[in-house]
Each structure stands twice: as structure tokens, then as C-alpha cells.
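*Asks:* Starting off with a structure, shown below.
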Amino acid sequence: MRQGEKLTSHLDWPLLITYFLFLIMGMATVYSTALDPDHPNLFDYSQKYGKQVVWLGISLFLGLLVFLIDSTIYRKFAVPIYISTLVLLVVVLFMPPINGARAWLQIGGFGIQPAEFAKTGTALLLARYISSLNIKQQNLNSVLVANAIMIVPMILILLQPDAGTFVVFTSFLFVMYREGLTYDPLVLKLVNTIPGVKFKQTWVGTHFIPIMFAIVFLCIVTLLLSNNTITFSFLPGLIIPGFFGVILSLIVFCLIAFLFLRFISTKRERRRITTVIIIAFVLSASIASSVNYLFQGLRKHQKDRIELFLGLREDPNGEDYNRNRAMAAVGSGGLAGKGYTNASVATIESNHVPESETDFIFCPFAEEWGFIGTFILIGMYMFMFLRIIMIAERQRSRFNRVYAYSVVMILFYHLAVNIGMNIGFAPVIGIPLPFFSYGGSSMMSFSMLMFILLKLDSQRSHVLQ
Amino acid sequence: MNFDARKYVIIVFIITVGLIYIVRLFFMQVIDDSWTLRAQEIAEKRKQIVPPRGAIFDRKGVKVVSNRTYYNLMFIEDEIKHLDTAAFAKVLGWTKDSVALRFKEIVKEQGTYRDKNDNYKKKPNYQSDRPYAFIKEMTLEEIATIAPHLDKFPGFYEEITSMRSYTYPNGANIFGYLSEVNEEEIKEDHFYRRSDNIGRAGIERFYEKELRGQKGIRYIVTSARNNELKPYMDGIYDTIAKQGPNFKLGIDILLQEYGERLMNGKRGCIVAIEPSTGEILALVSSPTYDPNLMVGNRNIAKNYPKLILDKDMPLFPRPLAAEYPPGSIFKLLQSLIALQEGVITPESGFPCNKGMVGCHNHASAGNLMDAIKFSCNPYYYAVTRRILQQGKKKSVFADAEIGLNKWHKYMMSFGLGQKFDADATGLRPGLIPNSAYYDKWYGHLRWAFSTIRSISIGQGEVKLTPLQMANIACIIANKGWYYTPHFVKSIGNKGSLPQFRVKHRSMIDAKHYDPIIEGMRRVVYVSGGTGGRAKINNEEKIVVCGKTGTVQNPQGEDHAVFTCFAPMDKPKIAIVVFIENAGFGGTWAAPTASLMIEKYLTRKVKDKEKEKRILEASFKN
């Protein structure tokens, strides 16, 4: 730290305030969900909210430590940090399983999940590796090394098994994409083996990651919606077949995107944007149509499988049981919700939605605050993500930028999957909602991610690289 | 190479997902109601609160039917953990086997259904996650020995219910009783749920909709294990249960009690009505039963078979449903019709020649009043002949047809031959024959007065219920009109039902009642009168006007009947006493009626000897 500089100088206040708002909202929701009327004290350590207060305190203390330490150590110690998280991931595999997964390390009375901290370790090492590369060095070798940094912890996590965190690790693909580390060298190598073909770049290979995710998302949504019709309680005569609804939504989205992009783009780019959007619409409409057509043509048992996976079918004993109840909790919130501490479906006490204080914490929040609450919540996350992207883009150091993108993509994945499973857009894979879900490991790891980012950002001017 | 443009891909990606989620949430939370319904299905329980039924008071304001708290021992099988049957049986005071048997019995009680989704296989209705009563309707004393131990037996708990309680062991046939609703009743009226009670007879049945009150509904948040957690939304959607309104009856419970006591050991009935209002003061059906015997399903299961198999039929409401020939009291009506038709005058005399019809030994009646006093059969043979055969047609048969149908109309105007629109169930119409009735028996124009002459003295085809007999006394007391006899004076703040405030008039002019009333006085107070025993304390302070009747009974001893009203000048009570197999009406029925009148008008009975004689009499074979 330079002399005479305050700890809080160059601190990104909007991000920090949003973070604190999330902490307060999360704490309030954990309290409401886990509330035991006999122990209403927030600081009652026999209750989950009491414990969460402790975790919160520890997290903030760690955050303070991060602020006291000069940010250069993350770059310097990225390798040891990464390796120690890997060691923890290996050690945890020899622990007794809890709920069928070897995900917990017992330290004293508390358990921590190394997988949560592995995200930070991987983000730091990836940042360090990518920042050490020359921009022109985007060859097969660098792509493979970057992927290896990501894949090694993924394999260890899969061995636990922890499908949720495994999926979250694919968020680093977007980070690599942003830095130009795509699968293009791999694709090129394959394509150029064909005699006579000599590509320098392939569009598919370059944009493979976002395209793949868009397609997966589109397929899931199409399957979900095409199976039921859309009706409106205020327009009783109007019944829209699901598939038509998908196409309709695509048109609406393309129009909105078109208007939005027109608004922000320069004149020169407008024609290109129009072309891109038309192509995107035609492509996605045809993908949706073919998914729909293929699905209708499937045999019954295959259809059953997919429907079960997507939660279109009642399966009271299976995983879908949880999601159905979670969706009932969310949907019953209405416009304004049932009121704070008035959730009836998603509380620990009623236990209709299991894990309502951890993986399904969005349920009690949506039930108590209704659409107004969920709209504000998602709006706040959107603000936080865009703010972090803004922070990322203003970094002079590539290390900082890669790290910031890692943070935003990890948080985004958590949000998308966690809320997705509450609203039927994702299968039930247990991952916490950042800053909301009860649990020490996730609270500490998300706070560490956030504070390291804030620290790096506050010292961005020191770094000349 | 510059990759900065790729940040837009990521931004668009994030914003798109955010927007899609918001739209989806808007659909789920605001537009689509099905998730709300699903949530209710999952987490809410509608719990009905059954209010206590309306309380019933007698005309003096004595609470005669009230509610008492009872306790059900409930259980939910899924919540029972490691039941120590031996210890549990010990707490209940049962044997181990009977506990096991009771569980089986409960499953059996619920019955079975055919599962549509499983080849229509029979499956039990019983569900292990639902509460059932292990022991129903225990008193406070009974539950007090069990309740302290219940915490050792998870899955069992006590539940409060309310049941009827009767201050006096009387009036069972008036009040009726309650029992559990059956499947059909549940289907018919959505008010009811399984194990609710419904009125089965009497007032409880007739006024079921009023007495049952309004159920309250509590919405409760339940856990996945079906535990009740708290009121839903702090109870803003809950409705409060409302008890049925208080009922005030015309019944005088002390008179009722006295009447039941007097009729002890006899079969028959007493009906007392206030002529000016049509309110029933007492309605004794003998033999009867203590209404407390039919409280609660445990008692009903025990006592109902006994009562229903009793050959004296205590459950049968005789005053409303038994149809007897009226005997000589019918002569009052014949006199009235004859006077109205102008076929006799009060001074008409007919000889007591026993050629066509028998009579007891008395001087011939020189006028109508004495004919009533003597209850002269030949006199009424002649009177009725004049009514029916007025010589309007040449053919005696055609003439009788016209006469009978006219007579039938008069009788209908006295409320006979039809059911009263009273507030009771199980009423019977009795029988007043018309020409069509006899045409069926004998053929058209194949009968005349001589064929059907026994109706002239209230025998033969004529049948009345005791309630109709008592109502005749009311009509005479009122000189020509009556209100439909009824039990309930007022419901809550409202008065009686509108149909009880409509005056029904007989087709007889008021002036024709005077000789009849005088005749009825002579029955009691003039020597040679058949009803001398109806005198109260052998005084004339309260003048009783009555008419005896002896109903011929081919199966055994004749039935005794006495109908009367008192006091003569301002009638306050009209009464009929009908005692099966008691022989001559003046001997037993008349004194019983006089005791009832005295009890009602003076609140006590002075003539203890007369009372003792009636109390000790028994006409049951």
C-alpha cells in the first residue's frame, strides 16, 4: 500500500453497497425461513440464522483482511493458492460422505466445502496464466493449458460428486472466450486435416461457447413451453399453443434486442446488427422448430425421460417433486407476496420445499415478496453483473480483468441455475444463490471473490501492466 | 487481435437471461393462478369449525336442550411411533386385544371404494395420514384419566366436540335426536363432512338448517408431515363459526314432564295446545324414552337397537303419526256440520233407539246439548243421516254421494284428512273418506248412508291423529278457527314461521259453536254426563268443557279418549288424552286431562288422590 492512501480510496461503492444490500436481504430471508418462534433472537446461535450471523461476521472479517493486504499477492501466490485448493479437494474425497457426497471438511464443529474455495483458486490461476500470455499467443497449447486449469478441479469435484459446482466451473469458458482463448485452434486443427482446406479462423470455433449455451438454453425453453398452452385469466378466449408462444417470444425478444442495440450502436454498425439479428432469429426459430418436431417424433419412453428431466411430469417421489413444490411456492407469491415471515410452502418448519434455506432460498423470498420482490432481486443482480463487467473493462491489468470476468460469470451461473431450478428452467442441481443461501462456505467464498475484486479494483492504478 | 467487442456478447447473454427470467416470473406469479392453487393444495388445510347447535328453551324460558363438551380420542396412523399396545391398553382400561381390534374396526368402518385407475380393485377408504377417532365422545371424567398419558403415545391426541344435553329426561319425541351423517346426505348438502351430526327426528330434524348454525373455516399452514403450524396469512381469510340461534318453544317442560309421568305404564298420548296461538304446550307419546339415551354415537349404538325393537315403539311419535278412529269426540263435528247445514237445530231431539246402533243406557236426548252429554249413538246416527241424505237427488245413492262430499269438505276445514303444515316430521294425514274412496270399495252409486253409517260416531273408516283431535278442541274453543299447531314460538329474534301466523277458518259459523260448548260443559258438570271425572277439584272455578270417547278396538280392549278445553269463557288450553286399551273414555282419559289442565293453569295439583289413581294405572298387557 502506498503511503498516505486511505483504505477506502478508489473503492467501488456501488458494487460494495449492492453486496451489502444482498447480505441484508439474504440474512432477512434466512431468518424468515428458519424462524423458530421460540427463539426469535437473530443472534441465537442454536438457530440457523444465528449461525449465519457468525458466518457473515467471519466473511466480513476476511474481507477486511483482504483489504489490509496488498493486492499483488494474489498474482504472486496464485499457484500456491490454486494448489492448496486442489489439495483440499483431494483430501475431501477421503472424508465420510454426507448426504451421499464427500463434499465436506469437518473442522472443529464446522464444516466447509473446498469446492466453494476452488472457484477462487481457479479464477486467480486462470487470471495469472492468461495475463502472462502474449495476445498473439492464442495457440493450441495455451487453449489446452487454460482448459486444464479449469478441468482438474472439475474432475475432483465430479468425484465428490457435486454436479452443481461442476456445472458452475464451465463459467470459465466464457472468461476464456472474452480473452480470445476459444476452441478455434482445436477446430482448425481438425478442419485443416481435410486435404485442400486451409482456414485461418472458423466462426463456429471462435464463438463456440456462447452459441452452444444459447442453443442449450433455447432447446430447454422450447421443450418446456411447447408442451403446454398459454392461457390468460383476463382473456378467457385466448389460448396460445406453446410452440407458437415460443416463436412469438423469439420475435418479441428480437425486436427488443434490435431496438436496444440500435439505440446504443453507431450508425455504421446498424446494418450489421440488423443482419445479425435476422440471422439469429431465423436460426433460433429453426432450432426451436426442429427441437419441437424431433421431440414430438420421439418414442414414448424417450419422451417420458425428457419430460421428467424438465419437470413436465408429476413424479412425486423423484427429484421433480422438489421442483414442483418450489415452483408452487414461487408462483403462489403473486404480485405483492404473502408478506415477510408469512411463507406457507417454503419454510424449514413446513418443509414442503426441502433445503428452503440453502439451495431453494429463492422460494421463500419469492413467496414472501411476490413478483415485485423477485423483479427487484433479479434487477439488482443484473446491476451487480453489469457493474462488475464495467469494472472489468476499466482494468489496465489483464490479470484483474480476467479475474473480474471470472467473478461475474461465477455469480451469473449461480443465479441462472439456482433461480432456473425454482422456475422450472433448470434441472435440480444444488448450488447456492450468491449472498442469500445459508451456509458458511458459500458465504465466505462469495465474499472473498467480491472483496478480492474490490481490492484489485481499488489498486488498479498501481498496476502498470 | 482485439476481443473487446466480445464483452457485448456476454452482456447481451446476461441481460437476455435476466429478462427471460423476469418474464417467466411474471407469468408464474402474476398471471398463472395454477401455482397458487398448487401451493394451497400442498401447504394449506381447510379446517372446519362446527359450532354448537342452537339452544332450545321452553315457553317459560327454561333451557331444555343445551350443548355439552365431549372429547374424542383421535389418532393419525402415520404419526404413531412404536405404540406400546400393552401400556396404551392399560391407560384406556382395555385389553391388548381390544386395542388391536379397534384399529381393524376403524379401517372397516370407513368402507371401500373401487379404484378406477387400478382395474376397479376394491381399496379401503381408510388413509393412514388422516385423523380418525379411536374413542368417540368421552366425558370430561373419562378423558381426564387418559389425557395426562397421551404424550407417551405420539400420534394420539384429544379433540373437543359438542353434543346435546337435555335438562329434563322428557320430550324425546318432540326434540328428536342427532346422529352422524351418511354418504348420501354429504353428497346432497355440501355443508356436511364425514362425522358431522344431523338432526334425525323432531325439531332437530325439521329445523336442522337453522339449528346447525354456520360453520367457520380456518386456513392452516401445514408442514410436509401434516402438522398444523400457524394460521394462513395470520387468519385474514378465516371465517368465524356461528352458533345456531336460540329457539323458544311453546312447550311447557313441566307440563310435558307431568304428562309423561301420568302416562307412565300406559300406551297412548296427550296433546295440549294453546288455542289462541296454536302453540303446542305438551306432546306426550307413551311409552317414551330419556332423550339423553340418544346422545352421541356411542349411546345410539347401544340404545337404538333396544328402542327400535321394543314392541311398544317408544321411538314412534304417536301424537303425530298414529291414526286412530276418533270415537265419540267426532260427534262434536257432526253436530256442527248439521247445525251449519240447517238439518237440525240445537233443540232437535232424537230417540235413543238402539235398533241400528248400540248405546249405553240413558234417557233419550231431547236436545243437542244433552245428546253430547250422553254421547248418544242413535242420536248421531240420525244427525249424520240427515247430513248425508238431504234428498237433493232422487236416487239415495246419488244423494249420499253429494252429501258425503259436502261433509268431506267440512271435515277438511277442520284440518282433518290432511297433514298439518306443522314444524314436525313424520306427521300423518289421518283419513276422512269421500265418495271416491267408497266408490273404490263398493263401486260407483253402490253405497248410501246405511252402508257407511259407522262414520257417524267416529268409527269405521274415519281416522284422526291425536294432534288433529286436540286441534278440534282448539277450533271449538276458538269458535271456528285455528292456527296450525306448532312447537316453535320464536327463532332467535324472529317469531314463528309465517305459516303459523295464518288463521285457518272452519266452514261453520261462530254462533253454532255455542250449543256445542254448552254440551261439552254438561259432559263434565251435569249429572248423567260421561266426563264427570274431568272436573277439577270437584269445583267450578275452572270450567272444563270436554267430550269423552271410547274407540272400539277389534283387537282388544277399547281405547279411551277425552278431548276438552278450559277455562270455558277464556280458553287457555285445549287437550286430548288418548289411552290405548283403557276402555271407557270417562274413566281414565277424562281425569288425566283434568290433571293436565290443573297443572298448567294453577302450576300444582291439589287432588292427590286422583293423581295417584292415574299414576298407578297401567293398561299395558
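*Asks:* Considering the range B:147-180 alone, what residues qualify as being assigned to a strand (DSSP E or B), surrounded by 14 or more Cβ atoms within 10 Å (Cβ to Cβ) and of a type in the set (A, V, I, L, M)? First the steps, then the outcome.
*Replies:* Just the residues of the range B:147-180 that are assigned to a strand (DSSP E or B), to begin with: B:156-166, B:178-180.
This time we only want the ones that are surrounded by 14 or more Cβ atoms within 10 Å (Cβ to Cβ), so: B:156-158, B:161-166, B:178-180.
Answer for the range B:147-180, where residues must be assigned to a strand (DSSP E or B), surrounded by 14 or more Cβ atoms within 10 Å (Cβ to Cβ) and of a type in the set (A, V, I, L, M): B:M163, B:L178.
*Asks:* If B:G460 meets every condition in (1) assigned to a helix (DSSP H, G or I); (2) over 26 Å from the mean Cα position of the chain (by Cα); (3) surrounded by fewer than 20 Cβ atoms within 10 Å (Cβ to Cβ) apart from one, which number is that one?
*Replies:* (1)
*Asks:* Take A:V408 and decide whether it is under 27 Å from B:V30 (Cβ atoms) and in contact with a Phe, Trp or Tyr (Cβ under 8 Å, 6 or more places away or on another chain).
*Replies:* Details: under 27 Å from B:V30 (Cβ atoms): no; in contact with a Phe, Trp or Tyr (Cβ under 8 Å, 6 or more places away or on another chain): yes.
Judged against the criteria, A:V408 is not a match.
*Asks:* OK, next. Assigned to a helix (DSSP H, G or I), under 14 Å from the mean Cα position of the chain (by Cα), modelled with pLDDT of 95 or more and at the interface with chain B (Cβ under 10 Å from one of its Cβ atoms): does that describe A:F385?
*Replies:* Values: assigned to a helix (DSSP H, G or I): yes; under 14 Å from the mean Cα position of the chain (by Cα): yes; modelled with pLDDT of 95 or more: yes; at the interface with chain B (Cβ under 10 Å from one of its Cβ atoms): yes.
Yes; evaluated as a whole, the condition is true for this residue.
*Asks:* In the set B:S490, B:S527, which member is within 22 Å of the chain's Cα centre (by Cα) and surrounded by fewer than 20 Cβ atoms within 10 Å (Cβ to Cβ)? Reasoning before the result, please.
*Replies:* Details: B:S527 fails: within 22 Å of the chain's Cα centre (by Cα).
Going through B:S490, B:S527 in turn, the sole match is B:S490.
*Asks:* Now for a different question. If you go through the range B:478-521, how many residues are in a helix (DSSP H, G or I) and hydrophobic (A, V, I, L, M, F, W, C)?
*Replies:* 5
*Asks:* Something else about it: Please count how many residues of the range B:573-599 are modelled with pLDDT of 95 or more and surrounded by fewer than 22 Cβ atoms within 10 Å (Cβ to Cβ).
*Replies:* So the answer is 0.
*Asks:* Just to check your reading of the model, which residue among B:R53, B:R102 is assigned to a helix (DSSP H, G or I), among the basic types (K, R) and at negative phi?
*Replies:* Details: B:R53 fails: assigned to a helix (DSSP H, G or I).
The conditions single out B:R102.
*Asks:* Could you name every one of the helices (runs of 4 or more DSSP H) located completely within the range A:61-132 that has at least 3 residues being under 28 Å from A:A392 (Cα atoms) and at pLDDT 90 or above? I'd like the intermediate steps shown before the answer.
*Replies:* Values: elements: A:72-76, A:78-92, A:114-132.
By residue number, A:78-92, A:114-132.
*Asks:* So which residues in the range B:136-146 are buried (at least 16 other Cβ atoms within 10 Å of the Cβ) and either under 21 Å from B:S165 (Cβ atoms) or among the basic types (K, R) (or both)?
*Replies:* If the condition is that a residue be buried (at least 16 other Cβ atoms within 10 Å of the Cβ) and either under 21 Å from B:S165 (Cβ atoms) or among the basic types (K, R) (or both), then B:K136, B:E137, B:M138, B:E142, B:I143 are the ones that fit.
*Asks:* Moving on. Which of the residues belonging to the range B:236-259 are among the charged types (D, E, K, R) and surrounded by fewer than 24 Cβ atoms within 10 Å (Cβ to Cβ)? Break it down into steps so the answer makes sense when it comes.
*Replies:* First pass over the range B:236-259, keeping only residues among the charged types (D, E, K, R): B:238, B:242, B:248, B:252, B:257.
Those that are among the charged types (D, E, K, R) and surrounded by fewer than 24 Cβ atoms within 10 Å (Cβ to Cβ): B:D238, B:K242, B:K248, B:E257.
*Asks:* A:F360 passes all but one of (1) without any contact (Cβ under 8 Å) to a residue 60 or more places away in the chain; (2) more than 9 Å from every other protein chain (Cβ to nearest Cβ); which number fails?
*Replies:* (1)
*Asks:* Looking at A:I220, A:I278, A:I247, A:I256 in this structure, which one is surrounded by 14 or more Cβ atoms within 10 Å (Cβ to Cβ), at pLDDT 80 or above and outside the structural domain of A:N422 (by TED's automatic domain parsing)? Write out each step before concluding.
*Replies:* Details: A:I220 fails: at pLDDT 80 or above; A:I278 fails: surrounded by 14 or more Cβ atoms within 10 Å (Cβ to Cβ); A:I256 fails: surrounded by 14 or more Cβ atoms within 10 Å (Cβ to Cβ).
A:I247 is the lone residue from the list that is surrounded by 14 or more Cβ atoms within 10 Å (Cβ to Cβ), at pLDDT 80 or above and outside the structural domain of A:N422 (by TED's automatic domain parsing).
*Asks:* What residue, among those in the range A:170-212 that are touching an Asp or Glu at 6+ places or on another chain (Cβ under 7 Å) and hydroxyl-bearing (S, T, Y), is nearest to B:R6 (Cα to Cα)?
*Replies:* Here is the first cut: in the range A:170-212, the ones touching an Asp or Glu at 6+ places or on another chain (Cβ under 7 Å) are A:201-202, A:205-206.
Within this subset, residues satisfying the condition of being hydroxyl-bearing (S, T, Y) are A:202, A:206.
Details: A:T202: 16, A:T206: 11 Å.
It comes out as A:T206.
*Asks:* Restricting attention to the range B:273-295, which residues are in contact with a Lys or Arg (Cβ under 8 Å, 6 or more places away or on another chain) and surrounded by 24 or more Cβ atoms within 10 Å (Cβ to Cβ)?
*Replies:* Matches in the range B:273-295: B:P275, B:L281, B:S285, B:S286, B:P291.
*Asks:* Those residues that are more than 10 Å from chain B (Cβ to nearest Cβ) and free of Cβ contacts under 8 Å to residues at least 60 places away in the same chain, I need them from the range A:318-347; list them, please.
*Replies:* Of everything in the range A:318-347, those that are more than 10 Å from chain B (Cβ to nearest Cβ) and free of Cβ contacts under 8 Å to residues at least 60 places away in the same chain turn out to be A:G318, A:Y321.
*Asks:* For the range B:327-343, check the following and say yes or no: at least one residue is assigned to a loop (DSSP other than H, G, I, E, B), in the same structural domain as B:M263 (by TED's automatic domain parsing), in contact (Cβ under 8 Å) with a residue 24 or more places away in the chain and polar (S, T, N, Q). Break it down into steps so the answer makes sense when it comes.
*Replies:* Keep residues of the range B:327-343 that are assigned to a loop (DSSP other than H, G, I, E, B), which gives B:342-343.
From what's left, in the same structural domain as B:M263 (by TED's automatic domain parsing): B:342-343.
If we keep only those that are in contact (Cβ under 8 Å) with a residue 24 or more places away in the chain too, we end up with B:343.
Then drop every residue that is not polar (S, T, N, Q), which leaves none.
No: zero hits.
*Asks:* Can we say B:G278 is farther than 17 Å from B:G171 by Cβ, in contact (Cβ under 8 Å) with a residue 24 or more places away in the chain and not hydroxyl-bearing (S, T, Y)? Please lay out each step first, then the result.
*Replies:* Details: farther than 17 Å from B:G171 by Cβ: yes; in contact (Cβ under 8 Å) with a residue 24 or more places away in the chain: yes; not hydroxyl-bearing (S, T, Y): yes.
For B:G278, the condition - farther than 17 Å from B:G171 by Cβ, in contact (Cβ under 8 Å) with a residue 24 or more places away in the chain and not hydroxyl-bearing (S, T, Y) - is met.
*Asks:* Here is a check on your reading of the model: is B:A582 part of a loop (DSSP other than H, G, I, E, B), under 27 Å from the mean Cα position of the chain (by Cα) and either under 22 Å from B:A371 (Cβ atoms) or in the same structural domain as B:K463 (by TED's automatic domain parsing) (or both)? Spell out the reasoning first.
*Replies:* On the way: part of a loop (DSSP other than H, G, I, E, B): yes; under 27 Å from the mean Cα position of the chain (by Cα): yes; either under 22 Å from B:A371 (Cβ atoms) or in the same structural domain as B:K463 (by TED's automatic domain parsing) (or both): yes.
So B:A582 fits the description; yes.
*Asks:* Please go through the range B:105-132 and pick out each residue that is assigned to a helix (DSSP H, G or I) and under 19 Å from B:M74 (Cα atoms).
*Replies:* Taking the range B:105-132 and keeping what is assigned to a helix (DSSP H, G or I), we get B:105-109, B:116-118.
Passing the criteria: B:E105, B:I106, B:V107, B:K108, B:E109.
*Asks:* Right, something else. Check every one of the strands (runs of 3 or more DSSP E) wholly within the range B:181-253 and list those with 1 or more residues that are closer than 24 Å to B:V488 by Cα and more than 14 Å from chain A (Cβ to nearest Cβ). Walk me through how you get there before you give the answer.
*Replies:* Numbers: elements: B:197-199, B:216-222, B:228-231, B:247-249.
Qualifying strands (runs of 3 or more DSSP E): B:197-199, B:247-249.
*Asks:* Return yes when A:S59 is of a type outside the set (K, R) and over 29 Å from A:M382 (Cα atoms) and no when it is not. Before you say what the answer is, go through the steps one by one.
*Replies:* Values: of a type outside the set (K, R): yes; over 29 Å from A:M382 (Cα atoms): no.
Criteria not met by A:S59.
The values are calculated or read from the model by the stated rules, or taken from the named source; none is laboratory data. Please read these numbers as outputs of a predicted model, since none were measured by experiment. Here the Cβ is made from the backbone with ideal geometry for all residues, glycine too, and neighbour counts use every protein chain on show.
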